[in-house]
Amino acid sequence: MKVENKTDQNVVLKLEKVTKQIGKQTIVNQLSFSIKKGEIVGLLGPNGAGKTTTIRMIVGLIGMTEGDVIIQGSSIKNQFTKAIRHVGAIVENPEFYPYMSGLDNLKQYQRMTDGITDERLNRVVELVGLKDAMNKRVKAYSLGMRQRLGIAQALLHEPSILILDEPTNGLDPAGIREMRDYLKQIAREEGIAILVSSHLLSEMELTCSRVVVIQQGKFVTERVIGEMNASAKTSNERTRIMLRVNDAAAAAGHIRELKGISIESINRPDNELILMMQDKDIPDLITLLSANSLAVYRIADAKQSLEDEFLKWTGGGNIA
Amino acid sequence: MRSFMRLVQNEWLKLAKKRSFYIAYGIMAAVVIGAAILIKQFGGGELPATTDFVDLILAVDGLGGVFVMIATIFTAGIVSIEHQLGSVKMLLIRSHSRSTILASKYAAMLIYIVVMLIFTGVLASATGMVLFNGDSLPWSEVLQTAGYQLLYTVIYATLMFMFSVLTRSTGATIGVGLFLMMFEGIITMLLSRYDFAKYILFLNMNLSVYDSGSAPIEGMSMGFSSIVIAVYMLLFLAVSFVTFNKRDVA
C-alpha cells in the first residue's frame, strides 16, 4: 500500500525535510513528500496540524527553519523567482482589490508575468465561468465568484502546479461540487499537478488521487485513494462485507463453521454482520445460509471511509 | 526594465482606481483657489504678484505644509493596504523578488508626489495669473521653491513608507506622520540648544533656509544638510527593504 519512491522527472514538487520553528514551538517537523504531474494530492490533517504553514513555506511567503522545497528543479529558498514561476496558488481566501473590477484585478496579475496574452486571459475567464461578471467590481462578488477569480489568477501564467489552501471553505454544496469538477478537469486538460489542503475528508476522498496525512506538523501516512477498496477485488485479499439476514445470531453460528471467514462485528438490532472474507467465498456463504433457511436481505461492501481511516491514523480527536 | 515599469503601472492603477484618488486633487484645488480668494478679499490694497502667490502655495514654510500632508496621507497605505486586504499573498507569489515589488511601490509613490506637485504648481500659476498680476519674484526662484518642497515631501513620504512597511497599518502610519508634522517644529525648537540637534532630520529637511544665507544652527550648511538627509533616507529605505524581505507573511 505504501507509495513507492518517486525519482523520475515527472516530479513537479518536492518537499525535503521541511521544518518550521517559531520560538520553541515546532509547527512543521521534517516533512517530506512529492507530487507528480497530473496528480491531485490532498494535504490532510486536523486543525493546527500545520497545513497552512506548510503551504506558505512552499510558496515562499514564510521562511523555513530547515529543509527545502524544490519546484521543477529549482529551490524556493535560493532560486525564488525561478521556482515560483511554475506555481499558481490561493493561500487561504482569495483576496483581491475590492474597488477594482474582476478584469482589472486579473490584468494586475497579467502584467506581473511576461507573455500572458489577452487570449490566455479570456480562455481562463471562460474556464472558470466568470465571463459575465468581469466588469463588476470584486466588492460585489459572492464568495463562490471570488474563489473562481482566485483560480483564474492562479492559472493565468500556465503553472505546472496549482496549490490551493482550503479551496472549498465557505462554498455551498453546489459550489463544492463545481470546484471538484474544475480541479479534475484542470488536472486532466492542462496536465498540471494539484495540491489541495483540507480537513473535509469526504471531499478529499472524491477529489484527490492521493492523500498525505500530517498531524502536529509530522508526516503520518500517505495513501492512494481507491486503493484500499479497489485492490481487494483484483487480489486475494480479504475485504469487508456487510451481511443483513433475518437472524444475525443464528447466521453467526453457521458462519463460524466456514473456513476463511471471520466475523468482525454483529449488530443484533439491525441483524447485520460485518465479515472479513474473500470474494470467492461469497457463493459458499449464501449456499450455507439458505441451506439453513436463513433469509439473506443484503450483501454489500462495507467500505471503510477515509474518515474511519483518518481517525485511525490521527488517533481521533481534534477533527474540525 | 519593461517588466519593472509594468509593476509600477500596477501600483499606479491601485492608487488611481480608488475613488479617493480624486479627493486629494480636489483638496489641493480647494486650498489653492480658497487661498487666492481670501487674499484677494481680505488682503487690503497690497496684493501679491503672481509669482509671489505661487511661491506662497509651494513654499515649505508657506502653505506647502498642506501639500505634504495630502501627498503623504494618500500614499501612506501603499504597502500596508496589501497586508490589510490580504492581497499581499497574491502579490508576493509572482516571479519577482520582494525587493522589486517594494521598489515598484516606492517608484509609484514618487511619481504620485511629482504629479501632484505639478498639478498644484500649474493650478496655482493659473489662479495667480487670473487674480493677481506682475512678477516680483523671478520664476526660476519659484521653481527652486518647488524643488525644496519636492525634497521635503519625498523625505516625509520615505519616512512614512518605512512606517507603512513596519506597522502594516495605514491608520498608524498616517497617525505617526501627522504627529511628526505637527510637532516637528516644537521638537526641534526644544532640542535646538543642544549641539547634537544639528543631526536631527527635521532641522535639515528644509533646504530653503540656506537661501537667505542663515543657518538653523551655527555650523550647518547646505552641504551638511544634504549629507544628513542622504544618510537618513538610506537608513529609512534600508529598514524598509530589509524588513519587507525578511518578513513572514501570515
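Please list, or write none, the aspartates and glutamates whose alpha carbon is within less than 20 Å of the alpha carbon of B:Lys198, excluding same-chain residues fewer than 8 places away. Straight-line reach from B:Lys198, under 20 Å: B:Asp61, B:Glu184, B:Asp211, B:Glu218.
For A:Pro173, the shell of other residues with beta-carbons less than 14 Å away shows a net charge of -2, using +1 for Lys and Arg and -1 for Asp and Glu. Judged by the gyration tensor of its Cα atoms, with axes a ≥ b ≥ c, region B:110-203 is oblate; a/c meets the 1.5 cut and b/c is at least as large as a/b. Expressed as an acute angle from 0 to 90° and rounded to the nearest 10, what is the orientation of the C-alpha long axis of helix A:143-155 relative to the principal long axis of chain A? Here the helix axis deviates by roughly 70 degrees. The C-alpha atoms of chain B define a longest principal axis, and helix B:98-131 lies at about 20 degrees to it.
Seen against the Cα atoms of chain A and their longest principal axis, helix A:173-189 is set at about 80 degrees. Taking 0.36 nm per residue of separation and subtracting the current Cα-Cα distance, fully stretching the chain between B:Asp61 and B:Ser140 would add 26.6 nm. Extending 7 Å from the Cα toward the beta-carbon at both B:Phe42 and B:Val114 defines two label points whose distance is 3.8 nm.
Report, in whole Å, the centroid distance computed from the Cα atoms of region A:133-193 and region A:245-265. First find each Cα centre; the distance between them is then 50 Å.
In a reduced charge model with +1 at each Lys and Arg Cβ and -1 at each Asp and Glu Cβ, the protein assembly as shown shows a dipole moment near 780 debye about its Cα centre. Highest GNM mean-square fluctuation among B:Leu91, B:Leu166, B:Leu150, for chain B modelled with Cα contacts below 10 Å: B:Leu91. Note on region A:236-304: semi-axes of the ellipsoid equivalent to its C-alpha gyration tensor, largest first and rounded to whole Å, are 17, 14, 10. By the Stokes-Einstein formula, at 0.692 mPa s and 37 °C, the protein assembly as shown with its Kirkwood radius over alpha-carbon pairs has D equal to 115 µm²/s. Largest first and in whole Å, the equivalent-ellipsoid semi-axes of chain B read 33, 24, 15, each the square root of five times a Cα gyration tensor eigenvalue.
Going from the fewest other Cβ atoms within 10 Å to the most, the residues B:Leu47, A:Leu201 appear in the order B:Leu47, A:Leu201. Taking chain A as a Gaussian network of alpha-carbon nodes connected by springs under 10 Å, the highest mean-square fluctuation of the residues A:Glu178, A:Glu16, A:Glu189 belongs to A:Glu189. Counting, for every residue in A:77-90, the Cβ atoms of other protein chains within 10 Å of its Cβ and taking the mean gives 2. In this Cβ point-charge picture (+1 for Lys and Arg, -1 for Asp and Glu), chain B has a dipole of about 1560 debye about its Cα centre.
Enumerate by residue number the trypsin sites (Lys or Arg not before Pro) in region A:1-108 meeting two conditions: DSSP loop (anything except H, G, I, E, B), and at most 11 other Cβ atoms within 10 Å of the site's Cβ. Counting only loop positions with at most 11 other Cβ atoms within 10 Å, the trypsin sites (Lys or Arg not before Pro) in region A:1-108 are A:Lys2, A:Lys24. With only the Cα atoms considered, chain A has a convex hull volume of 168 Å³ per residue. Among the listed pairs A:Lys107/B:Lys14; A:Lys82/A:Lys184; A:Lys24/B:Lys246; A:Lys14/B:Lys105; A:Lys131/A:Lys184, those with a Cα-Cα distance over 23 Å are A:Lys82/A:Lys184; A:Lys14/B:Lys105. The calculated FRET efficiency for the pair B:Ser20 and A:Gln79, based on their C-beta separation and a Förster distance of 30 Å, comes to about 0.15. For the residues A:Asn267, A:Asn93, A:Asn105, a GNM of chain A with alpha-carbon springs under 10 Å puts the largest fluctuation on A:Asn267.
Where a number appears in this text, it was derived from the coordinates with a stated rule and is not lab data. For clarity, every value in this text was computed on a predicted model and none was experimentally measured. Every residue, glycine among them, receives a Cβ derived from its backbone with ideal geometry; neighbour counts consider all protein chains shown.
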